[in-house]
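**Q** Pasting in a structure now, in structure tokens, and then I'll have a few things to ask.
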Amino acid sequence: MQSVPPSESRPSKLPNAEKYEFFKVIQGYLDQAAKLVDLPAHVRAILAQPKNEIIVNFPVLMDNGEYRVFKGYRIQHSNILGPYKGGMRYHESAGLDDFKALAAMMTWKCALMGLPYGGAKGGIKFNPRDVSRKELSRITRRFFHSLGNNIGPDYDIPAPDVGTNAQTMAWALDTYMNTVGLVSKQDVQGVVTGKPVASGGTLGREKATGQGLVHCVIQWAKRNRFDLKGKKLMVQGFGNVGGNAAVLLSHLGVSLVAVGDHTGYLHNPEGFNAHRLQQYVAKSGSIAGYANGTQITREQFFGAAADIFIPAALENQIGPGEAEALQVQLVAEGANGPCSPEGEAVLKHRNIPVLPDVLANAGGVTVSYYEWVQNKRSESWPLEEVDEKLERAMVDAYDRMQQFAELHKCDYRIACYGVALERLKKVYEEREIFP
């Protein structure tokens, strides 16, 4: 059975029982930032909805000999800056609203980071843990076959996301090369990013999102004279993002004292060995059964004594109650949309800063861009070069966020949206609207 990183699943209990309108929340941030940059009404209207909403239903032969029909999505929000770019999510709660929100976020993320990409997101509504590895391969291949030429190395470039990984991208690449690629006769290796290194991936991609988040934490610490050495960390979701961020921060003297995933929460006031925990999760698929911690409840987790909190699970995890319980000095968003607007308002009232997802987890798409460039050039860059480029990109984006926030007296999230919208506004001014 295919192992899926535990951060890539929704913890069983959410702050709000009612349906969370993620896309509406993202639209609210857009409206706030649009006012600050005087975004023309017609550009606001264009960016309010995705350009394309693709939904496919496809049959897959399961191991028991029966056929099961799956529903897949690909939402293409904007390509004014370049090809659509965004992850593919496999999750039982995935749906149109979430994918529209996440696709829009990719547009802001790429614009903020100065990448020549627009935003997209997609995936399949199912639990990848419930199927075998062979079934997962067939599901992935049928999905990408169904998408056909709706994706392409110069049109729409998927990547891993929740419930998917490098192996998923290898299957996707192979499917595309043996179907659409046979017809178009083009260099198609760059049709997806986040691939295994041997199949055209780049060194540094696996840790890129966590690495980018750590660069943001370091910048915040420098500007606020906050010595990271000896500080305590709590992480919700210990998959690719949360696990790598915890390991990288441990090298700076930050101790992981509380951790949680879809199986529950663990506490160790003396500190976990983040590297060993990451190795354990890689083998077992979750933190369940890890011996060096005490089981605690979700409520106890959010009230744990720590200095930094990295929510790296899914959206809408920090509502007003969680925000009131947190005893930290910084929240750095590894997941997309982990703070609800109501939860963030409580954090703001308590003077707990939030490093927003649009910047904090943008390391993944940034290194995906480096992978795409290497594919186009038939090059392979050393890890040091990838790491150096990523650090420069994250520090530069952090500076632009900081300057916008100070100029417009707004929080970091709206500043990130503002920086992104200034770039998009300029492009629409120059290119105008066809015809």
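Laboratory data are not the source of any read-out in this text; all were calculated from the coordinates shown. Bear in mind the structure is a predicted one, so any value in this text is a computation, not a measurement. Ideal geometry is used to build each Cβ from the backbone, glycine not excepted, and the neighbour counts take in all protein chains shown.
**Q** Using a Förster distance of 35 angstrom, determine the FRET efficiency expected from the C-beta separation of residue 199 and residue 44, and round it to 0.05.
**A** 0.30
**Q** Compute from the Cα atoms of the chain the Rg and the Dmax, the latter being the longest Cα-Cα distance, and quote both in angstrom.
**A** 20.6, 64
**Q** With r as the distance between the Cβ atoms of residue 97 and residue 373 and R0 = 22 Å, compute the FRET efficiency 1/(1 + (r/R0)^6) and round to 0.05.
**A** For R0 = 22 Å, the calculated efficiency reads 0.10.
**Q** Assuming R0 = 60 Å, can you tell me the calculated FRET efficiency for the pair residue 276 and residue 434, based on Cβ-Cβ distance, to the nearest 0.05?
**A** Efficiency at R0 = 60 Å is approximately 0.60.
**Q** Relative contact order (percent) for region 366-435, with alpha-carbon contacts under 8 angstrom and 6 or more residues of separation?
**A** RCO, region 366-435: 19 percent.
**Q** A further question on this structure: If each residue of separation counts as 0.36 nm, what is the full-extension length gain between residue 252 and residue 226 once their alpha-carbon separation is subtracted?
**A** 8.1 nm is the gain from fully extending residue 252 to residue 226.
**Q** How high is the relative contact order of region 149-268? Use alpha-carbon pairs under 8 Å, at least six apart in sequence, and give a whole percent.
**A** 19 percent
**Q** Which order do peptides 155-165, 319-329, 199-209 fall in by mean Cβ count within 10 Å, highest first?
**A** Highest to lowest by the protection proxy: 155-165, 199-209, 319-329.
**Q** Further question on the same structure: Could you rank the peptides 61-71, 246-256 by their average count of other C-beta atoms within 10 Å per residue, with the highest value first?
**A** Peptide ranking by packing, descending: 246-256, 61-71.
**Q** Could you give the length gained by full extension between residue 300 and residue 284, i.e. 0.36 nm per residue of separation minus their alpha carbon distance, to one decimal place?
**A** Gain on extension, residue 300 to residue 284, equals 3.3 nm.
**Q** Let me ask something else about it. Calculated from DSSP H runs of 4 or more alone, at -39500 (n - 2.57) each and per residue, what is the 222 nm mean residue ellipticity of the chain, nearest 500?
**A** -14000 deg cm²/dmol
**Q** Ok, one more. Just grab the label-to-label distance for residue 178 and residue 149, each label 7 Å out from Cα along the Cβ direction, in nm (one decimal).
**A** About 2.2 nm separates the two model spin labels.
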